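Reading through the structure tokens given below for one structure.
Rule-based calculations on the coordinates, nothing more; no lab input. Values in this document were obtained by computation on a predicted structure and should not be read as measured data. A quick note on method: Cβ atoms are made from the backbone with ideal geometry, for glycine too, and the neighbour counts reach across all protein chains shown.
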Amino acid sequence: HSTIYKRKTNKYQTEHRQYTSRVSGALFHCVISEGKPLKDEDVLHQLPVGTTATFYFRDLGSQISWRTVFLTECIGPLFIYLMFYFRVPFIYAPKYDFTTSKHWVVHLACLCHSFHYVKRILETLFVHRFCQGTMPLRNIFKNCLYYWCFAVWMAYYINHPLYTPPYYGEQQVKTALGIFVFCQLGSFSIHITLRNLKPPGSKTKKIPYPTKNPFTWIFALVSCPNYTYEVGSWLGFTVMTQCVPVAFFTIVGFIQMTMWAKGKHRSYLREFKEYPTLRSPILPFVL
Ligand SMILES: *[C@@H]1O[C@H](CO)[C@@H](O)[C@H](O)[C@H]1NC(C)=O
């Protein structure tokens, strides 16, 4: 087997050190003949092969952990938004440098935006359990470009000296704040529930069910309530700021999360015969 191994990975022999460290870091996809990639738990003598087996290794390129991707995605928007909020020089006209907005909704929006990303960072560090997975390094550029550019676009308009507050005034902002806070609490509750579902290091999959916490009761109707609450938070932020880029971000995020939720919903249905039939992927009874 080692001869095939070497032949297939010939180009790495000149960089022998890097090559071995890549192998020990399990950054190769290992495949028997044309089959599916092997899993970490697979044992050689239990594989459906005869006395000889041929392994093929495919280099997955540079990899990066999910946790690092999540953190870089979130730290960017947090700081970008604050730069616009404090109106650091070279963004708006010089006479506005380090001035503050006269509209209280702008300050509230900054508080909500920062809270959302600080929450996400803390959850990434202390709540989410990442199953050892990694993703290709280039993904981080794609993801960050998306989050960071939208942050620039939204922050520019909300903190602009000529920003006009929402049409229906205080009532609109308070309603929006209610939606936002509700969804933030909801998303936190869901993340805690998903964490408690998975004991550290275990790989067995379970169906999440509603718990005593009322924010998790939505599990009765939806497979991925974390996305439902995420969309809800951004909807609240859109109503609060009444700003086109925010609405746009909400819609794009909604489309993306619906795709993820549909995939997850399908895999739940595939894995569990007894999966609750009432559930929809992301929006109760609708989507
Ligand atoms: C949201 O929930 C889905 C389904 O339970 C899960 O696969 C996904 O990792 C969750 N996302 C986060 C950020 O927790």
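Every condition in (1) within 12 Å of the ligand (Cβ to nearest atom); (2) free of Cβ contacts under 8 Å to residues at least 24 places away in the same chain holds for Asn196 except the one numbered (1).
Looking across region 114-159, the residues that are within 13 Å of the ligand (Cβ to nearest atom), among the basic types (Lys, Arg) and under 25 Å from Phe84 (Cα atoms) come down to Lys119, Arg120. Can we say Leu125 is surrounded by fewer than 16 Cβ atoms within 10 Å (Cβ to Cβ) and either over 24 Å from Gly232 (Cα atoms) or of a type in the set (Ser, Thr, Tyr) (or both)? Against the criterion (surrounded by fewer than 16 Cβ atoms within 10 Å (Cβ to Cβ) and either over 24 Å from Gly232 (Cα atoms) or of a type in the set (Ser, Thr, Tyr) (or both)), Leu125 does not qualify.
With the condition kept exactly as written, say whether any residue in region 221-237 is out of contact with any helix residue (DSSP H, G or I) (no Cβ under 7 Å at 6 or more places or on another chain) and either among the basic types (Lys, Arg) or away from the ligand (no atom under 12 Å from the Cβ) (or both). Yes, that holds for at least one residue. Hey, any hits in region 262-276 for a residue that's assigned to a helix (DSSP H, G or I) and either polar (S, T, N, Q) or in contact with a helix residue (DSSP H, G or I) (Cβ under 8 Å, 6 or more places away or on another chain) (or both)? Within region 262-276 (the criterion being assigned to a helix (DSSP H, G or I) and either polar (S, T, N, Q) or in contact with a helix residue (DSSP H, G or I) (Cβ under 8 Å, 6 or more places away or on another chain) (or both)), the answer is yes, since at least one residue qualifies.
Working only within region 248-260, note down all residues that are more than 14 Å from the ligand (Cβ to nearest atom) and closer than 16 Å to Cys149 by Cβ.
Of the residues in region 248-260, the ones more than 14 Å from the ligand (Cβ to nearest atom) are 248-252, 254-255.
Scanning region 248-260 gives Phe248, Phe249, Thr250, Ile251, Val252.
Of the numbered criteria (1) farther than 30 Å from Gly178 by Cβ; (2) in a helix (DSSP H, G or I), the one Val118 fails is (1). Put simply, of Cys183, Cys243 the only residue that is within 16 Å of the ligand (Cβ to nearest atom), hydrophobic (A, V, I, L, M, F, W, C) and closer than 28 Å to His103 by Cα is Cys183. All conditions but one from (1) within 28 Å of Ile251 (Cβ to Cβ); (2) part of a helix (DSSP H, G or I) apply to Lys95; the one that does not is (1).
Looking for something of a type outside the set (Asp, Glu), over 21 Å from the mean Cα position of the chain (by Cα) and in a strand (DSSP E or B) - is there at least one such residue anywhere in region 78-86? Outline the logic, then answer.
Taking region 78-86 first, the residues of a type outside the set (Asp, Glu) are 78-86.
Still in the running and over 21 Å from the mean Cα position of the chain (by Cα): 82-86.
Still in the list and also in a strand (DSSP E or B): none.
Checking region 78-86: not a single residue is of a type outside the set (Asp, Glu), over 21 Å from the mean Cα position of the chain (by Cα) and in a strand (DSSP E or B).
Inspection of region 75-86 identifies no residue that is under 21 Å from Thr164 (Cα atoms), surrounded by fewer than 17 Cβ atoms within 10 Å (Cβ to Cβ) and among the hydroxyl-bearing types (Ser, Thr, Tyr). Scanning region 41-74 for residues that are in a helix (DSSP H, G or I) and either surrounded by 12 or more Cβ atoms within 10 Å (Cβ to Cβ) or not hydrophobic (A, V, I, L, M, F, W, C) (or both) yields His45, Gln46, Trp66, Arg67, Thr68, Val69, Phe70, Leu71, Thr72, Glu73, Cys74. Give me a count of the residues in region 87-122 that are exposed (fewer than 14 other Cβ atoms within 10 Å of the Cβ), aliphatic (A, V, I, L, M) and touching a residue at least 60 places away in the same chain (Cβ under 8 Å). Matching residues across region 87-122 total 1.
Only one residue in Ile218, Ile190 is on the phi < 0 side of the Ramachandran plot, within 16 Å of the ligand (Cβ to nearest atom) and touching a Phe, Trp or Tyr at 6+ places or on another chain (Cβ under 7 Å). Which one? If you could, list the steps in order and put the result at the bottom.
Numbers: Ile218 fails: touching a Phe, Trp or Tyr at 6+ places or on another chain (Cβ under 7 Å).
Just one listed residue meets the conditions, Ile190.
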